[in-house]
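Just below is one structure, and these are the notes that go with it.
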Ligand code: ATP
Ligand code: MG
């Protein structure tokens, strides 16, 4: 095969004259077709700047550019490789004048939009305004303007929102601003209404390529049609089984419409998978099987049977995280059963832990930090990078080590307690002069010589409070007492109020307060001895004092995320993992209620069935990210709100039809448990 392409891929790459659709399963080389086709087009003499390749995310665009660079060298930098939205920006910057838009228009973020909507609709309630934003965005995604939205509104509420939308659009025009949806909607309008602009773009673009076509929405499809015109020189690649953005308006109709709208469409199917072992593909095929099909396909690979897919039942989130870390460590140490072809893949970057929802990352972050394993969180914010968690960790660090100056500064200023910048600057200068930590400087006699009495007494008060906290933390043991300590502390420093004061929207403040409560639960659990932090297997242990727990947390909190490093374990939501691959994948929290996700209200049966189909596709996306080994873990007890409730394995696990013995517990874990048990009875710590 030429240049690492099979016959079907070559056919797609060489089809240059008209429209081409590559419809194929995961890992079959669709994205590879796009990069190779870019190279092919350049080879045939098409100027690089006349090629546009559209990806789903900015990150995917960067990766594609790098691949293209490897294939064709310098000219790759002139190829337009970006998302639909970024292409929209380009169109509007160049030709937006035809719509009365100045080239330096601004793009509004959610906060701006919510502010404008509150004003237009006469409400102060951010939740309502966000609901409007969501509805308006859905309408725009479906290609409706305010008048059309009004015409099709189903009730008074929708009619009202359509009127708000009309005002909102007027405001945006007046502000020379656009929102995210306009980046698709306005270029559409531009190309529809201005023949000269449309013709210019159609002539300019010699070929348009689109990755992840199954996740385009109605407006994006219209935009594509206008950009390619009659000549229809485009290549779309996609997989109906990986459509996971239905909730954001993506529609499989776009796949069905292509052959109708372009009768000359060349459809190419790929079935050989180059990514995963047969064991992994079998599980993937089994899970996606029950979904209705646009076209039947069965993935196969020549990479061999490989290691069996493993299912692990975990006691709770922390246990699951420990197991994941243990697995990463054992594969890296080369002692795992994950031998064979997988044995080559032992760098941190060869591992990914994937989950349904962002909050599931937290337990993994803590366990990875504790084991000093570098990681990055993609598709979400790291729990420990959240400002509120950093604030609280700063206080805990200070209890452990009052001389930690950065922690001191953070704690004394969040929330602010009437101690001004100037006072702190003077305290800092004083401390430097006498080679003291800020905390030590606080109690130095000569401090009153450089600071006014009021400032000194404010500082003393803070110092005394810290000492008191430290004393209490030293003597607080057990879950209940720890909870009471934490509640009392947060109340005393007024942290909840502080969040409300520093956030515009109550919803944001409430979300951040939710993280704080989560964090407190986590700390309290450790004090109760429910979770063991001393390594090894999770077992019920002696309760610990809050100060002891704070010591571990201080350590965990100060290890920073090493995003800039390339060799890191990836933590990612399933949605953000689309299109990517890793040698070793751990799919976590595969429980009923989590994956498939189950919100509290179920809604009508038909909607529920569709949602389950989308969740099934999500599971399929997750499984097919794995190249060599796949572990699927579920929780025997899972968090629901603030309680631990009994957990059930996801229906998808049973459907994966794994051999019974692969679902067994890891024998080494059992051995460790026995050893711990023995050690406990003998009254000595386990080795
Ligand atoms: P997804 O549906 O997950 O986006 P995809 O269909 O886009 O997957 P690619 O990411 O393009 O698949 O390819 C999967 C893996 O297989 C990549 O590592 C790619 O380099 C490799 N691959 C694809 N085609 C071939 C081929 N003909 N020969 C060797 N390796 C290939
Ligand atoms: Mg791909």
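Coordinate-derived values only; no laboratory data. These figures come from a predicted structure and were not determined experimentally. Because the Cβ atoms are built from the backbone with ideal geometry, glycine has one as well, and the counts that use them run over all protein chains shown.
Here are the numbers for this structure:
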quantity: Relative exposure of 625, 617, 454, judged by other C-beta atoms within 10 Å (fewest first); calculated: 454, 617, 625
quantity: Prolate/oblate/rounded call for segment 406-472, Cα gyration tensor, a/c under 1.5 rounded; calculated: rounded
quantity: Residue exposure sequence - 102, 507, 30 - by fewest surrounding Cβ within 10 Å; calculated: 102, 507, 30
quantity: Order of 54, 268 - criterion: other Cβ atoms within 10 Å of each residue's Cβ, fewest first; calculated: 268, 54
quantity: Value of relative contact order over the chain, rounded to a whole percent, pairs C-alpha under 8 Å and six or more apart; calculated: 17
quantity: Principal-axis tilt of helix 387-400 within the chain, Cα atoms, nearest 10 degrees; calculated: 30
quantity: Overall form of the chain per C-alpha gyration tensor (a/c, 1.5; a/b vs b/c); calculated: oblate
quantity: The chain: angle of helix 453-475 to the longest principal axis, Cα-based, in degrees nearest 10; calculated: 90
quantity: C-alpha long axis of helix 182-193 to longest principal axis of the chain, angle in °; calculated: 20
quantity: Value of [θ]222 nm, deg cm²/dmol, for the chain, DSSP H segments ≥ 4, -39500 (n - 2.57) each, nearest 500; calculated: -16000 deg cm²/dmol
